Amino acid sequence: MACIASIAIGYLLTMQTPFPFTGHPPLIGARWDDGSQNARFLVAKSLGLIDFVEINFPVSPSESPSELGLPVIAHTSNNPLCSAFGVDPAVAALVRQGAHEFASPWIGEHLAWLSDGPVGSMGYVMNPPFCTEFKDVAVENTKRLMSYYGLPVALELGPVYSFSGSYESELHFLDAVAREAGSLIIFDVSHWLISNNNCGRPERFGLDALDLSRVVELHVAGIRPSDNSGYWHDAHALPPSASTLEIVSDLVKILPNLRAVTLEHNADAPPEEFISALRDLRNAATRQ
Amino acid sequence: MNTLATPFGESIRQIQRLYVRLLFCKQYRVRYASDPDRVLQKFGLTSAYRSFMPNVSTDSFLAEVNGRRIGVAREVFDQFRRTLPLLDPHITNVTSLAVSELFSDFLSSDYFFQAENSLPHPYGIGRGYENVSKFALWIKHSRHVSSSNGDPSLRRSLYTDFGSYLVLHSRHSSEVFFSRFSSGAYWNEIHDSPASLLILTPYFRLVRVSSESATEKVVAMGIVDLDTIDPLWSHLKQ
């Protein structure tokens, strides 16, 4: 599926984006949610540890991520691409505006629900049943959004606790949506490990279900076991573990169109931990 | 015309509606566990749609439910630290809020599920994208905070916590609604008794003013009466 990468590169050329989309080794960046993170991002930049910032749109109008002077990848957790009610145009408009303002090479989106209606969010992204009916919904929503944005969309899965649906796994569902919609993929390493643990599958289950040439970005964060059960959760307050970084190192070698590796780390976690996590991630992603 | 709307039928929307209810609403989970077909029928779905639904009794589903409750509880606890112990003295942190009956009631309410019962999000994306106003307006309504038989101490705590949220976002929100709180917010210390007002200033100080003409003066200064805040108000004033 080299054609997918060509599509993305085509968009980039027409936009004359400042995003340095050069290929291996992938660029290293981090997710940005608000201005309280600016100080640690600037330290990381001065140390040569960060190449880009991933902005989670929409952002507060009082925030100025442009102060960082870093290339931007646009992301959002606020569009429910699996919603049978479609996507809220008010949110999509702000995401599109931000992505174009910062010349993002693609827009990261979640294969998820956010509520039980046409607008709103009840908190963290929710998985639909992974079945053909919601695959069709996601394909339609993704195509419409790509057309509206005039940019490629890269699809991301959330963590799975209780799998339901007719697909063999959520990764098979993701692959079906991405192929049919013609989209890119963000492979969230932490969500993948969490889901495989929670569903009782082998640690690296499901990678062969994906068209790996569509993967342009990795998301990496800490994970933790539940206090009172055997289930694992996302833990953006923690740095990625050594075993997660080992997997990142392996993935970088087999993903032909990988361009970006993004650290997800909470704004209220220690800044020195952010710096060391970026350093460790860079080492893992560039290891030969 | 909304070009981003999806042309899918009512059944698939009802699947989504019910599935999301099962993730948050304890009452629906209990009912679904004992009689799934009856609950499906309430949503216009036949028993054939059971295959789309989660097994609500499994540990994995309940672990997900627990995680989602904690996520919403974190958002609510951070804003209502003064108010929550008055509603339930056992609520002292995010976890105790998440497991409380009070929180179950909130997560089953129309205030949680229906975006039109909330205020606009400060980032300008409309209603239903935050849980602070949903919770405040639910408490205001369900505990009769803006009526003469409401608890004065709850009234003071809720309006201080919620007023702080409104005043804070008046500083930098792109949503016109919040600009109305740039001069602060006030309320009668005792409902229907304008002799003593509490004013939350733009600097988050709580000031008591006792004078016969106090209401007239604060209204003239553009300070908003929190008793008047409800979702309909935000709709009418935009």
- Item | Condition check for A:V125: closer than 30 Å to B:N131 by Cα, more than 13 Å from every other protein chain (Cβ to nearest Cβ) and under 17 Å from the mean Cα position of the chain (by Cα) | no
- Residue satisfying all of: in region A:218-234; in contact with an Asp or Glu (Cβ under 7 Å, 6 or more places away or on another chain) and of a type in the set (G, A, S); surrounded by the most Cβ atoms within 10 Å (Cβ to Cβ) among these: A:A221
- For region A:133-178, what are the residues that are in a helix (DSSP H, G or I), acidic (D, E) and more than 16 Å from the chain's Cα centre (by Cα)? A:E133, A:D136, A:E140
- Message: If I ask for residues that are touching a strand residue (DSSP E or B) at 6+ places or on another chain (Cβ under 7 Å) and either assigned to a helix (DSSP H, G or I) or at the interface with another protein chain (Cβ under 8 Å from one of its Cβ atoms) (or both), which ones from region A:79-92 would you list?
- Response: A:S83, A:V87, A:V91, A:A92
- Query: When only residues in region A:235-288 that are in contact with a Ser or Thr (Cβ under 7 Å, 6 or more places away or on another chain) and surrounded by fewer than 16 Cβ atoms within 10 Å (Cβ to Cβ) count, which is farthest from A:I223 (Cα to Cα)?
  - Reply: A:P256
- Look through region A:172-198, keep the residues that are within 14 Å of another protein chain (Cβ to nearest Cβ), in contact with a helix residue (DSSP H, G or I) (Cβ under 7 Å, 6 or more places away or on another chain) and not β-branched (V, I, T), and return whichever of them is surrounded by the most Cβ atoms within 10 Å (Cβ to Cβ). A:F173
- Task: Considering every residue within region B:60-80, establish whether at least one is under 19 Å from the mean Cα position of the chain (by Cα), more than 10 Å from chain A (Cβ to nearest Cβ) and β-branched (V, I, T).
- Result: yes
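Here is a yes/no grid of residues against (1) surrounded by 20 or more Cβ atoms within 10 Å (Cβ to Cβ); (2) within 7 Å of chain A (Cβ to nearest Cβ):
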position	(1), (2)
B:L107	yes, no
B:Q114	no, no
B:S118	yes, no
B:I125	yes, yes
B:Y129	yes, yes
B:R143	no, no
- Taking region A:65-78 and keeping residues out of contact with any strand residue (DSSP E or B) (no Cβ under 7 Å at 6 or more places or on another chain) and away from chain B (no Cβ under 14 Å) leaves A:S66, A:E67, A:G69
- region A:226-251: number of residues that are assigned to a helix (DSSP H, G or I) and either aliphatic (A, V, I, L, M) or under 15 Å from A:A30 (Cα atoms) (or both): 5
- Out of region A:179-202, which residues are part of a loop (DSSP other than H, G, I, E, B) and free of Cβ contacts under 8 Å to residues at least 24 places away in the same chain? A:G200, A:P202
- If you go through region A:139-171 one residue at a time, how many are more than 30 Å from B:F106 (Cβ to Cβ) and either within 11 Å of chain B (Cβ to nearest Cβ) or in contact with a Pro (Cβ under 7 Å, 6 or more places away or on another chain) (or both)? 11
- Task: Please verify whether region A:205-217 includes one or more residues that are of a type in the set (D, E), more than 14 Å from chain B (Cβ to nearest Cβ) and surrounded by 17 or more Cβ atoms within 10 Å (Cβ to Cβ).
- Result: yes
- Item | Subset of region B:142-176 (residues that are in a helix (DSSP H, G or I) and at positive phi) | none
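Quick grid of which residues meet (1) free of Cβ contacts under 8 Å to residues at least 40 places away in the same chain; (2) not in a helix (DSSP H, G or I):
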site	(1), (2)
A:A30	no, yes
A:F41	yes, no
A:I50	no, yes
A:P61	yes, yes
A:E67	yes, no
A:S77	no, yes
A:L94	yes, no
- Hits in region A:98-115 (condition: buried (at least 23 other Cβ atoms within 10 Å of the Cβ), within 14 Å of chain B (Cβ to nearest Cβ) and either touching a Pro at 6+ places or on another chain (Cβ under 9 Å) or assigned to a loop (DSSP other than H, G, I, E, B) (or both)): A:I107, A:L111, A:W113, A:L114, A:S115
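Quick note: the coordinates plus some simple rules give every number you see, no bench work behind them. Note that the structure is a prediction, hence the values are computed from the model and not measured. Please note: Cβ atoms are built from the backbone with ideal geometry, for glycine as well, and neighbour counts cover all protein chains shown.
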